[in-house]
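J.: Handing you a structure now.
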Amino acid sequence: MQLKAILVALAATAGINAWAQGPIVIKFSHVVATDTPKGQAAERFKVLAEKSTRGRVKVEVYPNSQLYKDKEELEALQLGAVQMLAPSLAKFGPLGVKEFEAFDLPYIFPSKAALYRVTEGPIGKELLRKLSPKGITGLAYWDNGFKVMSANKPLHTPADFRGQKMRIQASKVLDAQMRALGAIPQVLAFSEVYQALQAGVVDGTENPPSNMYTQKMHEVQKHVTMSNHGYLGYAVIVNKKFWDGLPADVRGQLERAMRDATTYEKAIAQRDNDLAMEAIRKTGKTTIYKLTPQEQAAWRKALLPVHRQMEGRIGKELIDAITRAAGK
């Protein structure tokens, strides 16, 4: 309750400041580093938004959990203490919009093209609309690619996960995924992962390479498996009351800026992950392993039952629709 009281006070102050004679301020908070795909796209949006509105809007970007950690940022947005976020899609499950956890299902997207058929099509648009009753407007999907597994022991087969404490986001799907591999899932805020790995509180984690490298997790993880077992993406969202209250012309200019920033973000995501993986390799601190076709098949066999397990939570119809749209 103490945090909520602080956020309410901040929101009230922000509301007064936003509509004073000065520019409209958009506080854009996120939890990753500036040099990740999301961090770079947030900076690109800032430049585009301020240019297109000719200074009527000022975007303040706060990376690396400077303002709020994972569990706090959505509440801060709903209360108006910040106006814009780009949380990972897994964050919406605990908010009550469980359908977004479909993006966490292992091996549901065989390629980026398949993913974009979902996010840019009717399914993606309908999912964003489900955020409206929560006081949130969804603007765009941003991409961070497919995940790798890391630990201080080689992870080549499902049996290698047995008893390993693996950090996850707060997602029932990711919890089920790790349990299906025989691991012990541990929910931790993203900003706490490096120290937890360093101290041995957790043994390993999953991330796209760009997140792993920019947070220096490779310095405390001896092994990486290029499993591409799951996807990590984001939704750029705004406080609905704030967004609806903007002058129509300003809102239109910001929508165009967001479309351009999204195109940019998708263009750099894969490049940055490839560069991050190569940078990790060059440090010599971490052994990088690519699964053989037989090992990949064993991972799929262990993980695909999670889809059926989650039908009651996410909805069988939605999972089937995504599978069809993805062309599997």
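J.: For segment 18-39: of the residues being among the β-branched types (Val, Ile, Thr) and farther than 15 Å from residue 265 by Cα, which is surrounded by the most Cβ atoms within 10 Å (Cβ to Cβ)?
T.: Applying the filter and picking the extreme gives 31.
J.: Now for a separate question. From 287, 292, 283, grab the single residue that is of a type in the set (Ser, Thr, Tyr), out of contact with any Pro (no Cβ under 9 Å at 6 or more places or on another chain) and in contact (Cβ under 8 Å) with a residue 12 or more places away in the chain.
T.: Exactly one residue qualifies, and that residue is 283.
J.: Tell me, which residue of segment 274-322 that is part of a loop (DSSP other than H, G, I, E, B) and not aliphatic (A, V, I, L, M) is surrounded by the fewest Cβ atoms within 10 Å (Cβ to Cβ)?
T.: Among those residues, the one meeting the criterion is 284.
J.: Which numbered condition trips up residue 298, out of (1) over 20 Å from the mean Cα position of the chain (by Cα); (2) farther than 20 Å from residue 146 by Cβ; (3) not hydroxyl-bearing (Ser, Thr, Tyr)?
T.: (2)
J.: From the set of residues in segment 229-266 that are closer than 21 Å to residue 127 by Cβ, β-branched (Val, Ile, Thr) and assigned to a helix (DSSP H, G or I), which is farthest from the chain's Cα centre (by Cα)?
T.: Across segment 229-266, the extreme among qualifying residues is 263.
J.: Restrict the check to segment 192-202 and report whether at least one residue is assigned by TED's automatic domain parsing to the domain that holds residue 283, in contact (Cβ under 8 Å) with a residue 12 or more places away in the chain and more than 27 Å from residue 39 (Cα to Cα).
T.: Yes: segment 192-202 contains one or more residues that are assigned by TED's automatic domain parsing to the domain that holds residue 283, in contact (Cβ under 8 Å) with a residue 12 or more places away in the chain and more than 27 Å from residue 39 (Cα to Cα).
J.: Please go through segment 40-90 and give me each residue that is in a loop (DSSP other than H, G, I, E, B), in contact with a Lys or Arg (Cβ under 8 Å, 6 or more places away or on another chain) and surrounded by fewer than 21 Cβ atoms within 10 Å (Cβ to Cβ), ordered by number.
T.: 67
The values are calculated or read from the model by the stated rules, or taken from the named source; none is laboratory data. Just so it is clear, the model here is predicted, and its values are computed rather than measured. Note that we place each Cβ from the backbone using ideal geometry, even for glycine, and neighbour counts take in every protein chain shown.
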